[in-house]
1. Restricting to segment 28-49, give me the number of residues that are among the β-branched types (Val, Ile, Thr) and either within 19 Å of Ala136 (Cα to Cα) or outside any strand (DSSP E or B) (or both).
2. Tally up the residues in segment 154-174 that are in a helix (DSSP H, G or I) and at pLDDT below 95, please.
3. Restricting attention to segment 120-143, which residues are in a helix (DSSP H, G or I) and either charged (D, E, K, R) or touching a residue at least 24 places away in the same chain (Cβ under 8 Å) (or both)?
4. Residue check: is Val146 modelled with pLDDT of 95 or more, closer than 25 Å to Ile51 by Cα and not in a helix (DSSP H, G or I)?
5. From Leu103, Leu89, which residue is buried (at least 23 other Cβ atoms within 10 Å of the Cβ), under 17 Å from the mean Cα position of the chain (by Cα), more than 30 Å from Leu182 (Cα to Cα) and among the aliphatic types (A, V, I, L, M)?
6. Just checking, does segment 33-42 include any residue being buried (at least 22 other Cβ atoms within 10 Å of the Cβ) and of a type in the set (D, E, K, R)?
7. Name the residues in segment 81-112 that are farther than 28 Å from His126 by Cβ and not polar (S, T, N, Q), would you?
8. For segment 150-181, which positions are surrounded by fewer than 18 Cβ atoms within 10 Å (Cβ to Cβ) and of a type in the set (A, V, I, L, M)?
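The values are calculated or read from the model by the stated rules, or taken from the named source; none is laboratory data. These numbers come from a predicted model, not from an experiment. Every residue, glycine among them, receives a Cβ derived from its backbone with ideal geometry; neighbour counts consider all protein chains shown.
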Amino acid sequence: MRGAARGLRPPFLAPYGAGKGGRATDIYFVRHGQTDWNITWKLQGRADIPINARGRQQAAALRTRLAGVTLDAAYVSPLCRAQQTAHILLCGTNVPVYTQPALAERDFGAYEGLRKEDFDFEAFWHPEVPCPAPGAEPAGEFYARVQGFLRALGRGPGSVLLVAHGGVSIPVQMFARGVQSLGPGGQYVPLILPHGRVLHFTVSQQKGQKA
């Protein structure tokens, strides 16, 4: 993995559109490495849980997988599990890294620390369903936060890496497929990206398109 040859500077984020020179923007999205809470299926949300030994191995494997990719920039969630993953992925490269609050995991409010079987986990991700967790970020607002940032990348650098969370991968995958909602009968949970996987798609003038 390496930075692009052009000068390194904070990439320009403008309203959604074509990349520089009318070209599409390549986006590589990865989920952070495994944590101890992931093993027990506990919801982390804004809890700042570090990655474990397995998570470090996953990040190292991703580094190898992305070794041939030239990146203009990387945007990383402020939570430590994403920051640690990004450090392993990018250490020793000249890729500029920017902490991006829009990529932080959804705030789960009172549900933070619960296990998925403790409540209706699927319904929790439906924007049409009122959020029952006190203090939680509503699903619709969460999706708008993440997708607003993705739209801004449309006139950014030609190839970027995003390091974030399982929850964040839901609106990212929706954006890549060019859909705003899956509807009342849709299944959101299957869109959660597993650890160690890369989602690659391009942003054009029309919509995000998965590669």
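1. Result for segment 28-49: 3.
2. Residues in segment 154-174 being in a helix (DSSP H, G or I) and at pLDDT below 95: 2 in total.
3. The answer is Phe121, Glu122, Ala139, Glu141, Phe142, Tyr143.
4. no
5. The match here is Leu89.
6. no
7. Ala86, His87, Ile88, Leu89, Leu90, Cys91, Gly92, Val95, Pro96, Val97, Tyr98
8. Listed by number, the list holds a single entry, Val179.
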